Amino acid sequence: MRVAVAEDSGIFRQALVTLLTTVGIEVVASAGSGEELLARVAGDPPDVVIVDLHMPPTFTNEGVVAARRLLERHPGIGVLVLSAFNETPQAMELFRDQPRGVGYLLKDHVTDVDSLRSALERVMRGEVVIDPDVVSRLVEARHREAELSRLSGREREVLALMAEGHSNAGIGKRLHLSARTVEDHVRAIFTKLKIASSGGAPGPQDSNKRVLAVLTWLRTAETR
């Protein structure tokens, strides 16, 4: 297997190259940016390319951009994207564009040489590889989306304002609703999200319920 590596951190890049060579994988090119990688493999593309999600100059999604360009210029090449953080939305751009021969792993799991080699072999064969932690997050996000789908449009508006820290009175003012109507919406949100309301006068228990409801909204919003 012939592999090219693109990673802006020289220390991590060298460690990765050493790890690969110790298990018999030939590293044919090593680069510190997406542009450098594209130039190095132009005349002799490898079987698989490993790219960091964040590289110069903006450190946003250069890895995905470089991967797209590689796949356009060299159809059939395998691409494995690495990231230090679970940044599912950015990485998933690549899977939407190219649903085969691509993978996404968190750097924490790259030190397991057997898992890394297996991932490289699979993307080289045209399979799709996604880090187990990423899969868990996607499943959780789908579950939370299902939870929020129970809410009406108005209830979502109320929950969004709760997430911004507005009290019931503040929500009523923003949405031109009576205090009783806001209370009804909040109670309905608790019920639909299966967060039992304590009933009666507002107290610490109700504050906790608001926090739980807001967390559900935030965790879903951050995956979009």
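List of remarks:
- Dimensions in Å of the stretch 1-96 - Rg and Dmax from alpha carbons: 12.3, 34
- Each residue of the stretch 126-131 is assigned a 3J(HN,Hα), and the resulting list reads x, 7, 10, 10, 10, 4 Hz, derived from the Karplus form 6.51 cos²θ - 1.76 cosθ + 1.60 (θ = phi - 60°), x at Gly and Pro.
- Toward the positive end of the charge dipole of the stretch 46-88, with +1 on the Cβ of Lys and Arg and -1 on the Cβ of Asp and Glu, the farthest Cα among VAL49, LEU70, THR60 is that of LEU70.
- Solvent exposure, largest accessible area first (probe 1.4 Å, DNA, RNA and ligands not counted), of LYS173, LYS209: LYS173, LYS209
- Inter-site label distance for PHE85 and ALA146 at 7 Å from Cα along Cβ, in nm: 2.9
- Length added when fully stretched, ARG73-ILE195, from 0.36 nm per residue minus Cα-Cα: 38.7 nm
- Across the stretch 104-117, coupling constants 3J(HN,Hα) worked out from phi with the 6.51/-1.76/1.60 Karplus curve, θ = phi - 60°, read 9, 10, 7, 4, 4, 9, 6, 5, 7, 4, 5, 5, 5, 4 Hz, and Gly and Pro carry x.
- Label point distance in nm, VAL128-GLU93, each placed 7 Å from Cα along Cα→Cβ: 1.8
- Ligands, DNA and RNA aside, ILE130 has an accessible area near 60 Å² when probed at 1.4 Å.
- Between ASP184 and ARG100, the contour length at 0.36 nm per residue exceeds the Cα-Cα span by 25.4 nm.
- Taking 7 Å steps out from each Cα toward its Cβ at ASP44 and GLU157 produces label points 6.4 nm apart.
The values are calculated or read from the model by the stated rules, or taken from the named source; none is laboratory data. All figures in this text were calculated on a predicted structure; none of them were measured in a lab. Cβ coordinates were reconstructed from backbone atoms using ideal geometry, including for glycine residues, and neighbour counts include every protein chain displayed. All accessible areas refer to the heavy atoms of the entire protein, side chains included, with ligands and DNA or RNA removed. Shrake-Rupley method; radii C 1.70, N 1.55, O 1.52, S 1.80 Å.
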